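Take a look at the structure set out below.
The values are calculated or read from the model by the stated rules, or taken from the named source; none is laboratory data. Bear in mind that the values here come from a model prediction, so they are computed numbers and not experimental data. Here the Cβ positions follow ideal geometry from the backbone for every residue, glycine too, while neighbour counts run over all protein chains shown. For accessibility, only protein heavy atoms count, side chains too; no ligands or nucleic acids. Shrake-Rupley method; radii C 1.70, N 1.55, O 1.52, S 1.80 Å.
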Amino acid sequence: MNRGIVVEIKQGSVIVMTPEGTFLEVQRKINDCHIGEEIWFASPRRRLAGSSIAMFSSMAAVIAFVIVFVSIFSWVGAKEVVAYVSIDINPSIEIGIDNGHKVRSLVGLNQDGKLLIKGVQFSGRPLTDVTEDLLRQAENQVLSRGAADIIVASTVVGSNTKLKDDILSLEVKELITEHVRKMHPDQADQYVVAAFSA
């Protein structure tokens, strides 16, 4: 048991000063004491307010650090090229994409391909958007002739990806086929689009 002198009376508790000079709030169901009176009481459960705040702050800092670290790691990992899609209409181009189907590289594989990609914004844009931009550019060149053989090939190079090369090439093939139907409805059968995975 502990003892202390009552210095303040509250509803349901009292403040006491211990012989060591420490002030403690002691829970009392019945206020049967007076200010200045020495009372005996059980050791109160100390609320470590400062420690709780420090511990909470530390935990919040650790959680924030983990979130930032995971976000940065995901962001850096997401920018890694894990698959390539090549489109050969002559011009020939190669598109490097990340796990999120975002384009990270765009290369002309021949002189016509280098001309085709000129001015096309690609970095971080969806594969479908970049492919549509390339097809619009090609309308000013080879696709305007009313016939073309178009080959789409894809390959997955990253081991940490869920992308499937055959599905990727089929998606791009469907996009090209739809473009041809829309832009050349009368000659759509003159455009042969083939897709395969490498």
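Structural remarks
- Looking at Gly113, Gly108, just one residue is open to solvent by less than 60 Å² (accessible area, probe 1.4 Å), at pLDDT 90 or above, under 28 Å from Gln190 (Cα atoms) and touching a Pro at 6+ places or on another chain (Cβ under 9 Å), and that residue is Gly108.
- Residue within the range 70-84 that is outside any loop (DSSP other than H, G, I, E, B), closer than 30 Å to Asn160 by Cα and either modelled with pLDDT of 70 or more or over 25 Å from the mean Cα position of the chain (by Cα) (or both) present: yes
- Selected residue (only one of Asn140, Asn160, Asn99 is surrounded by 13 or more Cβ atoms within 10 Å (Cβ to Cβ) and either of a type outside the set (A, V, I, L, M, F, W, C) or farther than 26 Å from Glu80 by Cβ (or both)): Asn99
- Among residues of the range 115-145 being β-branched (Val, Ile, Thr) and within 21 Å of Glu171 (Cβ to Cβ), the one that is farthest from the chain's Cα centre (by Cα) is Ile117.
- Filtering Glu80, Glu132 for residues that are of a type in the set (Asp, Glu), within 20 Å of Phe196 (Cα to Cα) and open to solvent by 60 Å² or more (accessible area, probe 1.4 Å) leaves a single hit, Glu132.
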